[in-house]
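Values quoted throughout were computed directly from the atomic coordinates according to the rules given, and no laboratory measurement underlies them. Please read all numbers here as calculations on a predicted model, not as lab measurements. Neighbour counts run over all protein chains shown; Cβ positions are idealised from the backbone, glycine included.
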Amino acid sequence: MIRYLLLALFICLNGYCLFFLYKKYARPFLMKAFPASIPVTIVLIFGLGFLIKLLRIPMTYHISQALISAMMSLIVIAMINFANQLFSYMVDLMVGFHQKNNVANIGRQPIKFFIVNQVGSKQGATLIWFLGSVLMLYGIWLGNVR
């Protein structure tokens with residue numbers, strides 16, 4: 001039961017990061033923060049495991065599995081969100097390039113379609129990233145249920 005709750009928690013966290021966090025923080029900050037959070041997550045999880053061992057709290061199989069699953073979930077969330085920010089950045093770069101250097105052909109297809117639908121492209125890609133991450137998180141939390 002706890003695995004389902006943790007799965008839902010990490011899905012909600014990822015959804016928040018993908019759909020709402022970019023409205024609060026600028027892209028350059030997010031493109032630095034997400035990759036930097038991966039080693040920080042690893043160090044914190046191993047530090048927590050070391051603290052549990054230092055305090056002589058019995059480490060059961062389920063606790064160790066939950067710690068590893070939490071670490072992997074946070075890493076997946078960081079990687080997915082970084083990839084989403086990178087995709088949005090590339091779309092903005094392509095649109096900016098065509099608006100600056102290709103003004104003569106900006107009204108021709110497929111450039112016109114791409115520029116007009118850039119927001120929809122970003123939203124569609126974000127939805128695909130989210131659905132893919134849900135599948136990954138499902139595999140992390142429920143893939144080896146005993």
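Okay, which of the range 112-133 sit inside 19 Å, backbone N to the point 7 Å along the Cα-Cβ direction of residue 27?
Under cut-off, by backbone N: 112-130.
Can you find, among 47, 128, 118, the residue sitting farthest towards the positive end of the charge dipole of the range 2-142, where Lys and Arg contribute +1 and Asp and Glu -1 at Cβ?
Highest projection toward the positive end goes to 118.
Sorting 20, 82, 87 on the 10 Å Cβ count, fewest up front, what's the list?
20, 87, 82
Nothing charged except the Cβ atoms of Lys and Arg (+1) and of Asp and Glu (-1): what's the magnitude of the dipole of the range 2-142 about its Cα centre? Round to the nearest 20 debye.
220 debye
Below 13 angstrom from the Cβ of residue 92, what's the summed charge of the other residues (Lys, Arg +1; Asp, Glu -1)?
Residues close to residue 92 contribute a combined charge of +3.
If I model a spin label as a point 7 Å beyond the Cα along the Cα-Cβ vector, how far apart are those points for residue 144 and residue 62 in nm?
It works out to 1.7 nm between the two label points.
Can you compute the modelled spin-label distance between residue 103 and residue 13, with each label point 7 Å from Cα toward Cβ, in nm?
Going by the 7 Å Cα→Cβ label model, 4.8 nm.
I'd like the per residue volume of the convex hull spanned by the Cα atoms of the chain, given in cubic angstrom.
In the chain, the Cα hull volume divided by residue count equals 112 Å³.
As a footprinting exposure proxy, order 76, 40 by other Cβ within 10 Å, with the fewest listed first.
By the 10 Å Cβ count, ascending: 40, 76.
Can you list the residues of the range 60-80 with backbone N under 12 Å from a point 7 Å past the Cα of residue 52, pointing along Cα to Cβ?
Only 60-71 fall inside the zone, counting backbone N under 12 Å.
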